[in-house]
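Working notes for the structure below.
The values are calculated or read from the model by the stated rules, or taken from the named source; none is laboratory data. All figures in this text were calculated on a predicted structure; none of them were measured in a lab. As a convention, Cβ positions derive from the backbone with ideal geometry for all residues, glycine included, and neighbour counts pool all protein chains shown.
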Amino acid sequence: MTLITVPPPAVAHTTDVLGHPRGLVTLASTELWERISFHGMQALLTLYMADQLLLPGHVEKIVGFSRFRTVVESVTGALSTQALAAQIFGLYVGLVYFTPVFGGLVGDRVLGRRNAVALGALLMTAGHFCMAFDQSFLLALLLLILGAGCLRGNLLSQVGQLYLPEDRRRADGFQIYYSMVNTGAFIAPLITGALGKSYGWHVGFGFAGFGMLAGLIIYVIGHRHVPVDAPRKVTMAATRLTPEERRVVLVLILLLPALTMFWIAQSQIWNVYNLWARDHVDLTIAGWSMPVPWLQSIDGIGAVALVPPVLFLWRGLARRGREPDDIAKLGVGCLLFGASVAWLACGQLVAPTGGRVPLAWAVGFHFLSAIGYLHVQPVAIGLFARTAPKAVNAMMIGVYFLSIFVGSTISGRLGGLYEQLSPLNFWLLHAAIVTAGGSLILLAARPLRRELAPRHPDARLAVIGRETPAA
């Protein structure tokens, strides 16, 4: 095990914008447009593949697709058009969360974080514009995955560099930053969904490309307010983890399967859920048909609106000495999310015979699921950041994101069951998976608490918010 020791990076001390360093405006604005581009693309992708791209007349044009499909189906078996669309989406989102582990290394040791962010934005812009053509679909996904890997981890780390370790504004700065994540997740599906429905899929993807280009321009203009990269010539000092630290790492790794169960269900809400809404939800309002991707906007705004009530609940319980610890929050959050997916499944029972699920039922699901989400995603990040040994802290946060990668990939495979199971059984299966994950966490709560007792309170990243494929 090695520890990289570098001089501390330059930190902005000015408080000339809402009491925070001016660089926060640049980074948060860049993130806003990155999320507008990403979530705009995500809201359309499964529907676009299932309803057009993978159908005869289009799929033959995709360069390299027959070989790509052969590789995928060598693992999964033969897939229908909709099942293949779900699997591709799962792989895409999973890899978007996997590549930042390597993008961070590139930013730290090769290009510097500023250059890595700029490169990532350029790659993502090119990827979005490649979506305008059937032929370049696979190239587009590759560019978007590599671009996200370079941009996301390096951008987030620069936010932390804006503040000294003891600066109490740090938590508020991350709250502001993540509010931009959630705002982008809310805005993007509204715009790309409307454009895709009125003018065609490629117009919606084009907007996502211009959004990423806007983010790049903002970053370049404001780069002088961003922390200066640390020198890339570093000294390497050998260090070993203590037996106690090795146990902590092992326990965190053992948590991953349960967290992966949560992400299987959550990822399906970004994936096959759009097909289910297309087929089974009454999207008509006073004679007007709402675009399917707009439900993803409701998913984003639900989490934003419920952050204050959830924080109020936690603080009220804390005053009475009854606030659940992180382990309990994770377990309860999974159970709450499982209950919300069961609610979604029961929508088929309230639908008129042969009719569609009321739109209000789907909207209710998004607000119910947001409560569970807010007990899992931000809490899990904080737990890993707080408990992982300092020598491997950043690496272990990256390890946590592997649960999103694995969960999203599995959700893509399970998406193939959408055509084989009834909607009721399909969603009950996912409810059972995430509920099982929460149950495992609660059953193992006592040893988890013992091994993960607070050791580095200053390392905890106090952030709450929803990141939608996020986080």
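Only one of Leu105, Leu79, Leu111 is part of a helix (DSSP H, G or I) and not assigned by TED's automatic domain parsing to the domain that holds Val272. Can you tell me which?
Numbers: Leu79 fails: part of a helix (DSSP H, G or I); Leu111 fails: part of a helix (DSSP H, G or I).
Exactly one residue qualifies, and that residue is Leu105.
Which of the residues belonging to region 108-148 are among the basic types (Lys, Arg) and surrounded by fewer than 22 Cβ atoms within 10 Å (Cβ to Cβ)?
Once the filter is applied, which keeps residues that are among the basic types (Lys, Arg) and surrounded by fewer than 22 Cβ atoms within 10 Å (Cβ to Cβ), region 108-148 yields Arg109, Arg114.
Here's the yes/no breakdown for (1) modelled with pLDDT of 85 or more; (2) in contact with a helix residue (DSSP H, G or I) (Cβ under 9 Å, 6 or more places away or on another chain); (3) outside the structural domain of Leu429 (by TED's automatic domain parsing); (4) closer than 27 Å to Lys197 by Cα:
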position	(1), (2), (3), (4)
Arg246	yes, no, no, no
Pro293	yes, yes, no, yes
Asp325	yes, yes, no, no
Ala328	yes, yes, no, no
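Let me confirm something: among Arg413, Arg386, Arg356, which residue is basic (Lys, Arg), more than 24 Å from the chain's Cα centre (by Cα) and assigned by TED's automatic domain parsing to the domain that holds Arg247?
Every option except Arg356 fails the conditions.
Would region 63-80 turn up any residue that is surrounded by fewer than 24 Cβ atoms within 10 Å (Cβ to Cβ) and closer than 21 Å to Ala208 by Cα?
Scanning region 63-80 turns up no residue that is surrounded by fewer than 24 Cβ atoms within 10 Å (Cβ to Cβ) and closer than 21 Å to Ala208 by Cα.
How many residues does region 218-242 hold that are at pLDDT 85 or above and loosely packed, with under 13 Cβ neighbours inside 10 Å?
Residues meeting the conditions: 2.
Please go through region 264-289 and give me each residue that is of a type in the set (A, V, I, L, M, F, W, C) and either assigned to a helix (DSSP H, G or I) or buried (at least 23 other Cβ atoms within 10 Å of the Cβ) (or both), ordered by number.
Across region 264-289, the qualifying residues are Ile264, Ala265, Ile269, Trp270, Val272, Leu275, Trp276, Ala277.
Please state which one of Ile176, Ile187 is modelled with pLDDT of 80 or more and either farther than 22 Å from Ser136 by Cβ or of a type in the set (S, T, N, Q) (or both).
Step by step, each of Ile176, Ile187 is checked, and only Ile187 is modelled with pLDDT of 80 or more and either farther than 22 Å from Ser136 by Cβ or of a type in the set (S, T, N, Q) (or both).
Checking the condition closer than 23 Å to Ile285 by Cβ, touching an Asp or Glu at 6+ places or on another chain (Cβ under 7 Å) and crowded, with 18+ Cβ neighbours inside 10 Å, which residue from Val357, Val379 passes?
Of Val357, Val379, the one residue that is closer than 23 Å to Ile285 by Cβ, touching an Asp or Glu at 6+ places or on another chain (Cβ under 7 Å) and crowded, with 18+ Cβ neighbours inside 10 Å is Val357.
Say whether the condition of being at pLDDT 90 or above, in the same structural domain as Leu259 (by TED's automatic domain parsing), surrounded by fewer than 17 Cβ atoms within 10 Å (Cβ to Cβ) and in a helix (DSSP H, G or I) is met by at least one residue in region 390-410.
no
Would you please list the contacts, defined by Cβ atoms under 9 Å and residues six or more apart or on different chains, that run from a residue in region 153-179 that is farther than 23 Å from Met396 by Cα to a residue that is at pLDDT below 70 and surrounded by 16 or more Cβ atoms within 10 Å (Cβ to Cβ)?
As it stands, the answer is Asp167/Val11; Asp167/Gly173; Ser179/Gly465, since those pairs meet every condition given.
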